[in-house]
Amino acid sequence: MSGRHGKNSIAFCADFHINSDMDKSGRNLPSISALAAFERVAQLGNVTRAAEELNTSQAAVSRHIRRLETDLGVALLGRSGRGISLTAAGAVYADEVAQVLARLRRAGETVSANRNELVIACTHEVSHLILMPRYGELRKALGPQAHIRVVTCEYPAIPAMIDAGADIVFHYSRRRPAGLAAQIAVEEILPAAAPDFIAEHRLADREDRSRWQHLPRLCLTKANSGWATWQDWFDARSLALPDAPEQQFDNYVYALEAATRGEGTVLAWRGFADGYLRTGQLVPLSAHWVKSGATLYAVASPNGREKKLTHKCIKTLSRLTRPAPIPLAAQADG
C-alpha cells in the first residue's frame, strides 16, 4: 500500500470483504485483463481511448468494468454527460491496481531478463582460448535476445561461482559429470616451439629429442589444478625428465605467447593450443600426443539446468569444440 492511501486502503478491504478465505479459494479475484481495462480507463478518463490502447473493443472494456463493480459490490466509475470520473472507492482501487500491475510488469521483466541471461564461469585460459575464438558463432546460435556474461576466476573458485548464480561452469574430471554436460577437450599434450626458436637452435632436421630436450622450457605452476606437466609427458614416454632451464607461468595464455616469441619450448594442450598449431605460430616437436586421463567439461549448474538457454549453449559448445585434426605428419618424431 502507498502511504498516501494507507488508511483508506484498509477500510476499503473491510468494506468489500476481501479476506484470506476468498484469496485462497480464488473467488472474486479479477482477471488481469479486467484490471488492465480499469487502470487504463482510470488514467485516460475515456473508454474509447482505453480500448484503443488495449487493442480491444469499447464493449469489452465496459464488460470488464461492470464485472469488477459487480464482484466488488460498489461503483468504481461515475458517469455523467461530461464523461467518466472515478468514485471515491474507484480512486482508491485505481491506485492499488496501478501498483499491482506495475509490480507484475517489473516481475515479468526480471524473469524475462533472467531467462535470457547466461552466466558462464571459467578460468582465463578457457575464456581466452576456447570461448573467445568461438564467441561469434556461440552468440549467433543462441540468438539476438541472449545476453552472455563470462566471469573468469581461478579454477579453485569455480564451486563458489555456482553458488553465486553461474549457469555453466567448466570442470575437469576423469568421469563424465552427472546431469547436463558436454565434453569440451580431452587433455592431451605434446611439446611445441615457435618456428624462429626451431631455426635458431637448428632443429629443422632434428633426428631425436636430444636436440631440444635440454633447451629452455616454459612451465605452468598449476599442476595442482589439473594441468599436466613436463614430468607427465616424459613419464608417459618412459623417459627421465632431463635438466633444462625453466621459466614459470601462472597463466597458460602467457606461456603460449612467450613460446611464440621464441622464449622456449612449451606443452601444447589439445583444445587450447590448436589455433597456435594450425596457424604455424607453434610447431610440434613430437608427433605423439600424451593423454593425462582428464577431460574438460562444460557443466550446467542446478540453476542453469532450468533455463532453455543453458541447454542450447551446452549443445552448441559440444558442436563447436569437436576436435579437428591437427597436421603433424610433416614434423619429425622427437
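The values are calculated or read from the model by the stated rules, or taken from the named source; none is laboratory data. Predicted model, so just to flag it, every value in this text is computed and none were measured. Cβ: placed from backbone, ideal geometry, glycine included. Neighbour counts: every protein chain shown.
Do you know which residues across segment 275-310 are of a type outside the set (S, T, N, Q), over 21 Å from SER127 (Cβ atoms) and not in a loop (DSSP other than H, G, I, E, B)?
Keep residues of segment 275-310 that are of a type outside the set (S, T, N, Q), which gives 275-278, 280, 282-285, 287-291, 293-294, 296-300, 302, 304-309.
Still in the list and also over 21 Å from SER127 (Cβ atoms): 280, 283-285, 287-291, 293, 302, 305-306, 308.
The answer is VAL283, PRO284, VAL290, LYS291, GLY293, ARG305, GLU306, LYS308.
Against the definition (of a type outside the set (Asp, Glu), touching a residue at least 24 places away in the same chain (Cβ under 8 Å) and in contact with a helix residue (DSSP H, G or I) (Cβ under 6 Å, 6 or more places away or on another chain)), how does LEU320 come out, yes or no? Give the steps one after another, and end with the answer.
Numbers: of a type outside the set (Asp, Glu): yes; touching a residue at least 24 places away in the same chain (Cβ under 8 Å): yes; in contact with a helix residue (DSSP H, G or I) (Cβ under 6 Å, 6 or more places away or on another chain): yes.
Considered against the rule, which asks whether it is of a type outside the set (Asp, Glu), touching a residue at least 24 places away in the same chain (Cβ under 8 Å) and in contact with a helix residue (DSSP H, G or I) (Cβ under 6 Å, 6 or more places away or on another chain), LEU320 comes out as yes.
With a cut-off of at least 3 residues that are in contact with a helix residue (DSSP H, G or I) (Cβ under 6 Å, 6 or more places away or on another chain), farther than 23 Å from VAL253 by Cα and aliphatic (A, V, I, L, M), name the helices (runs of 4 or more DSSP H) lying wholly within segment 84-163. Lay out the reasoning, then the answer.
Details: elements: 88-116, 135-142, 158-163.
Counting at least 3 such residues, we get 88-116.
Residue-wise test of (1) of a type in the set (D, E, K, R); (2) assigned by TED's automatic domain parsing to the domain that holds PHE197; (3) more than 32 Å from the chain's Cα centre (by Cα).
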position: ARG211; (1), (2), (3): yes, yes, yes
position: TRP227; (1), (2), (3): no, yes, no
position: TRP233; (1), (2), (3): no, yes, yes
position: LEU241; (1), (2), (3): no, yes, yes
position: ALA255; (1), (2), (3): no, yes, no
position: ARG261; (1), (2), (3): yes, yes, yes
position: ALA268; (1), (2), (3): no, yes, no
position: ARG278; (1), (2), (3): yes, yes, no
Among the residues that make up segment 306-321, is at least one of them buried (at least 16 other Cβ atoms within 10 Å of the Cβ) and either at positive phi or touching a Pro at 6+ places or on another chain (Cβ under 6 Å) (or both)? no
Going by the structure shown, is LEU129 in contact (Cβ under 8 Å) with a residue 12 or more places away in the chain, surrounded by 13 or more Cβ atoms within 10 Å (Cβ to Cβ) and farther than 30 Å from ASP167 by Cα? no
Would you confirm, using the coordinates I've provided, whether THR279 is hydroxyl-bearing (Ser, Thr, Tyr) and under 26 Å from ALA164 (Cα atoms)? no
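To keep it simple, each residue is scored yes or no on (1) outside any loop (DSSP other than H, G, I, E, B); (2) among the hydrophobic types (A, V, I, L, M, F, W, C).
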| site | (1), (2) |
| --- | --- |
| VAL41 | yes, yes |
| ALA59 | yes, yes |
| SER62 | yes, no |
| VAL74 | no, yes |
Test LEU328 against the stated conditions and say whether it is touching a strand residue (DSSP E or B) at 6+ places or on another chain (Cβ under 8 Å) and at pLDDT below 90. yes
